[in-house]
1. Suppose the chain between residue 368 and residue 250 were pulled fully straight at 0.36 nm per residue; how much longer would it get relative to their current alpha carbon spacing?
2. Can you grab the distance from the C-alpha centre of the range 133-152 to the C-alpha centre of the range 69-127, Å, no decimals?
3. Sort largest first and round to whole Å: the equivalent ellipsoid semi-axes of the chain, each the square root of five times a Cα gyration tensor eigenvalue.
4. Going 7 Å from the Cα of residue 308 toward and past its Cβ, which residues in the range 227-255 have a backbone nitrogen under 17 Å from where you end up?
5. What is the fewest-to-most order of 224, 3 by other Cβ atoms lying within 10 Å of their Cβ?
6. Assuming R0 = 22 Å, can you tell me the calculated FRET efficiency for the pair residue 239 and residue 215, based on Cβ-Cβ distance, to the nearest 0.05?
7. For the range 227-269, compute the orientation-averaged projected area of the C-alpha convex hull (one quarter of its surface), in nm².
8. Debye calculation, C-alpha points only, no solvent: report log10 I(q)/I(0) for the range 37-189 at q = 0.13, 0.15, 0.19, 0.21 Å⁻¹, in the same order as the q values.
Amino acid sequence: MSVFSDVVGQDAVVAELQQAAGAAAAVLRGERAAGMTHAWLFVGPPGSGRSVAARAFAAALLCPDGGCGHCPSCHQVHAGTHPDLLLVRPDGLSYGVKQTRSLVMRAAGAPSGGRWQVVLFEDADRATEQAANALLKAIEEPAPRTVWLLCAPSAEELVTTIRSRCRLVTLRTPPSAAVAEVLTARDGVDPGRALAAARAAQGHIGRARRLATDDEAARRRDEVLAVPARLTSVGAALAAAAALVKSAEAEAAASTAQLDEPEREALRRAFGEGSTGKGVAKAVRGSAGAMNDLEARQKSRATRLKRDALDRTLLDLASFYRDVLALQVGAGVELASSGHEQQVRALAGRSAPEATVRRIGAILACRDRLEVNVAPLLAVEEMALALAGN
Ligand SMILES: [Zn+2]
């Protein structure tokens, strides 16, 4: 099974990347080959698998066999432990210049495995302006064996100077059937549940997998989709808003706790907590500073996770009203709100398409307000009131 079998429903992209990996291998053999580039930009809507495609390409570049999927190198890329793969994702809401500079320095080194040094930059659109400048310099004058893989929702979200130096790879939202097939083949999910999850996730593979395999995530989504039917009064709207925010916070807190403790533990070990003798006082001072640093980063990440969880909630809600609108205007699209068709039909029957459009607008406005740091409860309350209105 090739590393590209993870890239679902993107045949053209896979063909292009395989061709480039072949050209890269030819370059390593000292042949002249066209088709390999030092900077790539993977774009596509959330869930289209930008970083999955980028990682498959990284595996293909680093594998002696073009991305066989089963050699030690391929396994290391999959596990994120390959010494020549630098995986970068923002700890907080953005990449700072300090983080980017140290990355650029590391990327300038030679690959330890003798093939390529690959830097995979997730959410490159989150680079601050200064960070983008540091990145630009590295891409302008690349080390001979370094390959930059940037991922972003769309090319427009990067500064032109970076964008123009990258080769663009555009992914599309994979069809539900293709996503369901992967869940069944790879994760052993029952075909019916796989298709329902794929539709619910609207082509977002990671989300579909979670809905199909994590009962808690499926339960949370059910709760969100039950909200529209309950929005019958101002009081109900405010209660629903509070419940939505609380549930998103609980979800974020669970993942935060999972990530935080091992990091603190690793740091304590690194500074030899509990050891005695010379140098301990110095180590303790150093460890206090590092611990403060870590806590600041964890706090920033917690904020991002909370925002991401709430954003997923809003997207689920938006998909419910999108289904309502599809029924109202007679669009023959597949419904995302599996398990809630009855509520979708009921609302479609007793409201006008104009009202549905207004409600979807209220959800999108709420997302925008969260993006600019409006207090979550305030923004969600306002949205819930707009959803409850006529
Ligand atoms: Zn391999």
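1. 40.3 nm
2. For the range 133-152 versus the range 69-127, the Cα centre distance is 11 Å.
3. 39, 28, 20
4. Answer for this model: 248-255.
5. Working: 224 22, 3 26.
Arranged by neighbour count, lowest to highest, 224, 3 become 224, 3.
6. On the way: r = 25 Å, r/R0 = 1.13.
Efficiency at R0 = 22 Å is approximately 0.35.
7. The Cα convex hull of the range 227-269, projected and averaged over all directions, gives 3.3 nm².
8. Here the Debye-derived log intensity ratios amount to -0.60, -0.79, -1.20, -1.38.
Quick note: the coordinates plus some simple rules give every number you see, no bench work behind them. The structure displayed is predicted, hence computed values, not measured ones. For neighbour counting, all protein chains shown are included, and Cβ atoms are generated from backbone atoms with ideal geometry for every residue, glycine included.
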